[in-house]
Amino acid sequence: MTQRARNPAGILALLALALLLGACQPPPAAPGESADQDQPALSGDGRLLALIVDQSGRSSVRLIDRASGRALPLGPLDRGQPHRSPSLSWNGRYLALIRQRGERSEAVLLDRARGRLLPLPLPADRLPERLSLAPDARRLAVQSLRDGRSSVDLLDLSGIEPDLPPGVPLR
Amino acid sequence: MTPQRLPLLLLAVALLLAGCGGGPGLRPLGSPLEATDPSLGLTTLVTIGTGFAGHRQVQWRPMAALQPLLPPHLDQPDARPLEVSVDGAGQRLVVLRERKGRTELVLHDLRLGVSRPVPLAADGSPGAIGLSADGRQLAVAVSRDGRRRIEVLQLP
């Protein structure tokens with residue numbers, strides 16, 4: 001071992017230099033941390049947050065458990081980007097959004113309790129632009145474009161199971 | 001096939017055809033509305049529509065009638081609503097609006113008849129919004145330092 005390595009002042013100086021250099025480095029970015037975020041939607045009590053993350057021009061939906069910060073799996077929604085206009089039911093059982101399928105945009109409804117993606121077919125001449133799901137998931141409002149004009153349709157979704165009552169966690 | 005089995009076969013075909021759609025049936029409730037930016041509560045629909053002389057205004061509709069109502073204090077001549085989000089009860093709504101060249105957030109409580117600005121945690125420009133159905137939290141896309149992030153604000 002050399003004389004310099006035994007010198008406590010030298011070791012402290014090296015340690016300080018290492019810390020200084022380390023502080024100049026940006027912290028490692030978590031996946032998606034640097035991406036722009038947009039189009040937020042909250043569940044009824046704000047426990048869940050759905051948002052669109054734009055990373056390298058690819059807009060994808062994320063569902064975040066706000067207490068843990070954890071991104072929840074969305075299974076069938078791994079495909080069909082870009083995603084737009086997410087909307088959550090009260091307990092987050094249902095997530096409605098617009099996705100791309102080939103040349104067309106389509107509205108879909110993810111049932112997280114059953115892991116199923118349900119198509120929400122609109123008339124062929126309407127392009128969905130924006131969605132809003134009622135808290136109990138019994139109705140859906142769709143802003144769509146037809147012949148260059150936007151309009152809003154209110155649709156009855158009573159064919160599906162309603163979301164659980166407020167406060168009942170999804171299993 | 002015996003004639004006795006024909007009804008069973010027809011029933012099976014009907015069930016098969018019914019299951020081919022794969023999704024819930026969507027029944028329109030009323031005619032399309034000339035509006036944009038819908039936000040649904042349990043029994044209300046809030047949109048942005050066009051009023052007199054092309055002025056954009058927030059329109060509040062009870063779902064039973066779907067006739068637009070204009071709650072007092074909501075419409076300001078010098079403000080242009082850009083987006084609206086309503087709570088589950090249809091009584092609290094947050095409007096993102098443009099006024100004097102800036103975007104700002106305003107919370108309206110229809111039950112109490114009061115409006116108040118919603119300040120951001122730090123300087124920034126608010127964008128897309130989402131109000132929780134209990135009306136207590138607001139998620140907002142905030143542009144700041146060239147980046148857009150989602151922030152969740154606790155409302156009074």
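The values are calculated or read from the model by the stated rules, or taken from the named source; none is laboratory data. In this text, all values refer to a predicted model and were calculated from it rather than measured experimentally. All Cβ positions, even for glycine, are placed from backbone atoms using ideal geometry, and neighbour counts span all protein chains on display.
What strands (runs of 3 or more DSSP E) lie completely within the range A:74-151 and have 1 or more residues being within 19 Å of B:Thr36 (Cα to Cα) and not acidic (Asp, Glu)?
So the answer is A:84-88, A:94-101, A:104-111, A:127-133, A:139-146.
When the range B:61-81 is examined, which residues are found to be in contact with a Ser or Thr (Cβ under 7 Å, 6 or more places away or on another chain) and surrounded by fewer than 21 Cβ atoms within 10 Å (Cβ to Cβ)?
Passing the criteria: B:Pro62, B:Met63, B:His73.
Based on this model, can you work out whether B:Thr36 counts as over 18 Å from A:Gln39 (Cβ atoms) and within 13 Å of another protein chain (Cβ to nearest Cβ)?
no
Go through A:Ala67, A:Ala41 for me and flag whichever is crowded, with 22+ Cβ neighbours inside 10 Å and either under 15 Å from the mean Cα position of the chain (by Cα) or over 24 Å from B:Arg27 (Cβ atoms) (or both).
None of the other options fit; the residue is A:Ala41.
Return yes when B:Ser115 is surrounded by fewer than 18 Cβ atoms within 10 Å (Cβ to Cβ), within 14 Å of chain A (Cβ to nearest Cβ) and in a strand (DSSP E or B) and no when it is not.
Criteria not met by B:Ser115.
Can you tell me which residues in the range A:81-127 are of a type in the set (Lys, Arg) and more than 13 Å from the chain's Cα centre (by Cα)?
A:Arg93, A:Arg101, A:Arg104, A:Arg112, A:Arg114, A:Arg116, A:Arg126
A quick yes/no check of all residues on (1) touching an Asp or Glu at 6+ places or on another chain (Cβ under 7 Å); (2) within 25 Å of A:Ser34 (Cβ to Cβ); (3) away from chain B (no Cβ under 13 Å):
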site	(1), (2), (3)
A:Val61	no, yes, no
A:Glu103	no, no, yes
A:Leu109	no, no, no
A:Gly115	no, no, yes
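Based on this model, can you work out whether B:Ile129 counts as in contact (Cβ under 8 Å) with a residue 40 or more places away in the chain and assigned to a strand (DSSP E or B)?
yes
Would you mind stating whether B:Leu138 is touching a residue at least 24 places away in the same chain (Cβ under 8 Å), over 16 Å from the mean Cα position of the chain (by Cα) and either within 13 Å of another protein chain (Cβ to nearest Cβ) or part of a strand (DSSP E or B) (or both)?
It is false that B:Leu138 is touching a residue at least 24 places away in the same chain (Cβ under 8 Å), over 16 Å from the mean Cα position of the chain (by Cα) and either within 13 Å of another protein chain (Cβ to nearest Cβ) or part of a strand (DSSP E or B) (or both).
Return the residue satisfying two criteria in turn: it lies in the range B:87-101 and is of a type outside the set (Gly, Ala, Ser) and away from every other protein chain (no Cβ under 14 Å), and of such residues it is surrounded by the fewest Cβ atoms within 10 Å (Cβ to Cβ).
Only one residue tops the list, namely B:Lys100.
Looking for whichever is surrounded by fewer than 20 Cβ atoms within 10 Å (Cβ to Cβ) and more than 30 Å from B:Leu66 (Cα to Cα) here; the options are A:Asp125, A:Asp78, A:Asp111, A:Asp156. Which one fits?
A:Asp78
Specify the residue that is farthest from A:Trp90 (Cα to Cα); the eligible residues are those in the range B:88-112 that are among the aliphatic types (A, V, I, L, M) and part of a loop (DSSP other than H, G, I, E, B).
By that ranking, first place goes to B:Leu112.
Those residues that are modelled with pLDDT of 95 or more and not basic (Lys, Arg), I need them from the range A:119-133; list them, please.
A:Pro128, A:Glu129, A:Leu131, A:Ser132, A:Leu133
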